[in-house]
Amino acid sequence: MSGSRRSIWGRRMRKEVILTTVGLRAGYGGKPVLQGLEIEVREGEIVAVIGRNGVGKSTLMKSLIGLVPAMSGSIVYRGEAVEHLPAHKRARLGMGYVPQGRDVFPRLTVGENIAVGAAIKGGGIPEEGRQRVIGAFPILRERWSQRAGTMSGGQQQQLAIGRVLIADPNLILLDEPSEGIQPNIVQDIARNMVELNRRTGVTIILVEQNLDMIRAMAQRAYVMDKGRITASLEREALDDAAEMRRHLAV
Amino acid sequence: MDIATLAFSALYQFGDAFAFLVLSACGLAVIFGMMGVINLAHGEFIMCGAYVTAATVHAGLPLPLGILCGTLASAFVGVLVELLVIRHLYERPLDTIVATWGLSLIATQGTLILVGSTMAGVGTPFGSFQVGAYSYSIYRIVLFVAALAVLAALYALFNWTRFGVLARATIQVPHMAAALGVDTRLIYSLTFACGAGLAGLAGGLYAPTMTLVPTMGATFIMEAFVTVVIGGADVFLGTAPAGGILAIVKSGMTSWQGQLFGQIGLLIAVIIVVRVLPKGISGFVLRERT
Ligand SMILES: Nc1ncnc2c1ncn2[C@@H]1O[C@H](COP(=O)(O)OP(=O)(O)OP(=O)(O)O)[C@@H](O)[C@H]1O
Ligand SMILES: [Mg+2]
């Protein structure tokens, strides 16, 4: 299991649990989409969440960050029950949310978008953080003063990721980063995220439908259906093309 | 009368109208543009600023400090109103209109009961100067400069400060701002307080020029709304140019046919602009840009 996996990067040999959900139910207008969902993620893991369209993957991400309230069940993040905290407090505890569809602030510049991400730390954009972000995504340096809404989807995706990286999160919630983006940028993003994970030990929960990206990034995966986890796949299963197609089939 | 004095007179009228439009409107524009809240109690925040200014001046403070007190008092009342009323109605814009209208009635009647039907005014400072055959109030020039200063200060606040960037992020994509750690409720409170404070500032600045009665807010509210409707949701792309255009219309019509025609001119201008640009000047500029 990943729990006892030897890591030369982390300080601890045995990784602690960073996030657990128990019996999580959440949804819209009183109707639950998540129906008692349970996951457990350890520090430093990259875990994929896969499943067909509309099974509630994005709803899971939104309820983890606090944009969709939990109706019942619990979310424990680094030992603290967070299901009743508003989104901004969860972000301040070190969760970084990169939404499906990116949601950059369209009329703010790239630099201002990143400044919003940096504001949690109280202050402007730290030079060290800026170097880290533009080191990973050099395009952001070029476009620093451009309005985010005028950029391509791939550039906006890199900005949406850079905007959370600036605050040095412990856990990144990455919702379909490959959606509508050119393959070479998808590869770029995957490579960068894996490299970041190796270097800093940041934990990543990745919602994806793109097999290449899942294989490039994830160490294991949860399969989701109708608001529940229906299977847990280890690394070897991710490489089994037939099985993966079955889980991802639209 | 030679051309220079005529030009000066026209310019003075324009500056006077511009200052009144911009100072009346900017508090309303900040609250509407940043929060989408239509604050029908705007006139009463202005009245509050004027009353507090007058009261503190009577108590012996110099006028600028009195105006500062009026501004802060309105901002403080704004914080309370946001906390007790507006905050609970963000998802219900129509209810906000009714609630702020109710507040406005309560404030007007409450002031009438508590303070009486009129309050002792404040003398207009600085006196006047002569150009050609006419004399002009120096204080009106001060008001014009104040209007420009307020616009510049707002520009700096919303573009160059951390609060400004977070406030703009919050209006553009509120849930994402929250997910990145922005306390959006705090941002809304501060923005509302800022708008209320600007209303108080307008009241304080105009307190020396008018009779202080509980319904004085009504004097401002028509022009404030006209400016915001024409300008649209953005203070800089909207309120400032709308103030400029309307000031030309108003000062032109007023010097041609008198006060009443100045007001009629404003209303006609609104009807025309709203027909051509339904989202106001700033809506048009923003659409052209993207
Ligand atoms: N804002 C909303 N209000 C009401 N229902 C919603 C809302 N967002 C999503 N839903 C519904 O919740 C269910 C789960 O949606 P969700 O976006 O979580 O699915 P998903 O697994 O992320 O799908 P996809 O792969 O298409 O992104 C769907 O039936 C959807 O119609
Ligand atoms: Mg989704």
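The values are calculated or read from the model by the stated rules, or taken from the named source; none is laboratory data. Note that the coordinates shown come from a computational prediction; the quantities given were computed from them, not determined experimentally. Positions of Cβ are generated from backbone atoms using ideal geometry, with glycine treated the same way; all protein chains shown enter the neighbour counts. When the accessible area is computed, the model is the full protein with side chains, heavy atoms only, and any ligands, DNA or RNA have been set aside. Shrake-Rupley method; radii C 1.70, N 1.55, O 1.52, S 1.80 Å.
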Quick one: Cα convex hull volume of the protein assembly as shown, Å³ per residue? 180 Å³
Checking rank on B:18-27, B:165-174, with mean other Cβ inside 10 Å and highest first, the result is B:18-27, B:165-174
Using alpha-carbon coordinates, inclination of helix A:153-165 to the longest axis of chain A, degrees: 80 degrees
With a 1.4 Å probe and all protein chains left in place, how much of the accessible area of region B:3-289 comes from carbon and sulfur atoms, in whole percent? 73 percent
Per-residue accessible area for B:Ile106 at 1.4 Å probe radius, Å² rounded to 10? 120 Å²
Rg and Dmax of region B:115-162 over Cα atoms: what are they, in angstrom? 16.9, 50
Quick one: order B:Thr191, B:Thr71, B:Thr219 from most to least accessible surface, probe 1.4 Å. B:Thr219, B:Thr71, B:Thr191
With only helices counted (DSSP H, runs n ≥ 4, each -39500 (n - 2.57)), the per-residue ellipticity at 222 nm for chain A, to the nearest 500, works out to -10000 deg cm²/dmol
Taking Lys and Arg as +1 and Asp and Glu as -1, residues besides A:Asp168 with C-beta under 9 Å from its C-beta add up to +2
Leaving out ligands, DNA and RNA but keeping every protein chain, what accessible area does A:Ser145 have, in Å² rounded to the nearest 10, with a 1.4 Å probe? 100 Å²
Sites B:Leu186 and B:Val276, calculated FRET efficiency, Cβ-Cβ separation with R0 51 Å, nearest 0.05: 0.85
Contour minus Cα-Cα span, A:Ala237 to A:Ser145, at 0.36 nm per residue, comes to 28.7 nm
Quick check: net charge around A:Ala249, other residues with Cβ under 13 Å of its Cβ, Lys/Arg +1 and Asp/Glu -1? +1
Just counting partner chain Cβ atoms within 10 Å, what average do the residues of peptide B:166-178 show around their Cβ? 6
In chain B, helical segments from DSSP H whose Cα atoms cover 18 Å or more along their own axis and that average at least 0.0 on the Kyte-Doolittle scale are B:3-35, B:42-58, B:63-84, B:93-115, B:138-160, B:184-206, B:217-231, B:240-257, B:259-276
Of all the stretches in chain A, which is the longest one without any exposed loop site, taking trypsin sites (Lys or Arg not before Pro) in a DSSP loop (any state but H, G, I, E, B) with at most 10 other Cβ atoms within 10 Å? A:13-250
Surrounding charge for A:Ile181, neighbours by C-beta under 10 angstrom, Lys/Arg +1, Asp/Glu -1, total -2
Roughly speaking, what is the stretch gain from B:Val145 to B:Leu65, that is 0.36 nm per residue apart minus the C-alpha to C-alpha distance, in nm to one decimal? 27.0 nm
Paramagnetic label zone (point 7 Å from Cα along Cα-to-C-beta, B:Leu157; backbone N under 12 Å) in region B:199-216: B:199-202
Could you check the simple spin-label distance between B:Asp2 and B:Leu80, using points 7 Å along Cα→Cβ, in nm with one decimal? 5.7 nm
Mean accessible surface per residue for chain A, computed with a 1.4 Å probe while every protein chain stays in place, in Å²: 43 Å²
For chain B, what does the convex hull of the Cα positions come to per residue, in cubic angstrom? 144 Å³
